[in-house]
Amino acid sequence: MKRICVFCGSNQGARPEYCRAAIEFAEELAARRIGLVYGGASVGLMGIIAEKMLSCGGEVIGVIPNMLVEREAAHHKLTELHQVNSMHERKALMAELSDGFATLPGGFGTLEEFTEVVSWRLLGIHQKPCGLLNVGGYFDQLLQFLDYAVAQQFIKPAHRADIVVDPNPTRLIERLQQDFAGSNGAWQARKEQT
Ligand code: AMP
């Protein structure tokens with residue numbers, strides 16, 4: 001995997017373990033020479049993960065819409081900062097630049113990004129792995145809801161099982177790499193041959 005796209009909060013959250021997990025995630029990405037693609041902001045968990053990656057000498061690509069740059073939330077010391085015209089353009093570019101997705105704790109923006117990449121995967125628009133870093137059980141209720149949606153036959157069990165969930169940053173990255181090497185690697189190779 002060359003790059004992982006991270007979705008995470010524009011706030012730091014109530015518990016210090018969220019920040020610690022973002023820092024650990026960045027250290028692990030940098031150690032494995034995997035680049036970070038993210039929302040381009042300097043605030044919240046986004047700012048923390050970007051800062052840590054940069055201080056470890058890692059590649060950081062931010063993709064931010066003009067309207068958010070104007071609110072001065074953009075991080076201006078990244079390896080690359082792409083300014084785009086809309087939130088839609090931004091998500092499309094973030095997806096294109098990445099080999100997989102990891103969702104860390106966050107709010108509505110994070111949840112929307114997570115559900116979009118998961119639904120694109122089950123529609124076959126991409127085959128990139130989608131992971132959830134369930135640090136401190138932050139996503140427990142969301143996972144319970146997904147199980148309920150499976151029981152109510154709105155989500156297929158295979159699609160629910162497809163989401164890589166782990167509370168540990170190192171293990172989550174390892175599992176995303178394994179998934180990428182298995183399914184997506186073969187898919188990409190087939191795509192390049194046709
Ligand atoms: P939230 O979870 O609601 O805090 O939103 C964070 C997610 O939405 C991130 O993964 C970003 O991609 C996007 N986002 C929200 N606010 C900003 C911001 N000020 N600058 C850049 N991206 C943002």
Can you find even one residue in region 99-107 that is away from the ligand (no atom under 11 Å from the Cβ), buried (at least 18 other Cβ atoms within 10 Å of the Cβ), more than 23 Å from residue 18 (Cα to Cα) and modelled with pLDDT of 95 or more? yes
Contacts under 6 angstrom Cβ, first residue in region 143-158 being under 16 Å from residue 115 (Cβ atoms), partner of a type outside the set (A, V, I, L, M) and in a helix (DSSP H, G or I), 6 or more apart: 146/160; 150/157; 150/160
Scan region 35-51 and give yes if some residue there is under 18 Å from residue 173 (Cα atoms) and among the small types (Gly, Ala, Ser), otherwise no. yes
Going through region 8-18 in order, the residues found to be within 16 Å of the ligand (Cβ to nearest atom), part of a helix (DSSP H, G or I) and surrounded by fewer than 18 Cβ atoms within 10 Å (Cβ to Cβ) are none
Residue list for region 116-137, filter: away from the ligand (no atom under 12 Å from the Cβ) and closer than 21 Å to residue 10 by Cβ: 118, 130, 131, 132, 133, 134, 135, 136
Can you find, within region 72-91, the residue that is farthest from the chain's Cα centre (by Cα) among those that are farther than 23 Å from residue 52 by Cβ and loosely packed, with under 13 Cβ neighbours inside 10 Å? 85
Residue list for region 77-124, restricted to those being assigned to a loop (DSSP other than H, G, I, E, B) and in contact (Cβ under 8 Å) with a residue 24 or more places away in the chain: 78, 79, 98, 99, 100, 104, 105, 106, 107
Quick one: is residue 23 of a type in the set (Val, Ile, Thr), within 12 Å of the ligand (Cβ to nearest atom), over 16 Å from residue 175 (Cα atoms) and within 16 Å of the chain's Cα centre (by Cα)? no
Across region 48-67, the tally of residues that are buried (at least 19 other Cβ atoms within 10 Å of the Cβ) and within 11 Å of the ligand (Cβ to nearest atom) stands at 6
When residue 118 is evaluated against the numbered criteria (1) among the hydrophobic types (A, V, I, L, M, F, W, C); (2) out of contact with any His (no Cβ under 8 Å at 6 or more places or on another chain); (3) crowded, with 19+ Cβ neighbours inside 10 Å, which criterion, by number, is the only one it fails? (2)
Within region 29-39, restricting to residues that are buried (at least 24 other Cβ atoms within 10 Å of the Cβ) and closer than 25 Å to residue 15 by Cβ, the one that is nearest to the chain's Cα centre (by Cα) is 38
Counting only residues that are aliphatic (A, V, I, L, M) and at pLDDT 95 or above, which one in region 108-135 is farthest from residue 45 (Cα to Cα)? 118
When (1) part of a helix (DSSP H, G or I); (2) within 16 Å of residue 29 (Cα to Cα) are applied to residue 136, the one that fails is (2)
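The values are calculated or read from the model by the stated rules, or taken from the named source; none is laboratory data. In this text, all values refer to a predicted model and were calculated from it rather than measured experimentally. Note: ideal-geometry Cβ built from the backbone for every residue, glycine included; neighbour counts use all protein chains shown.
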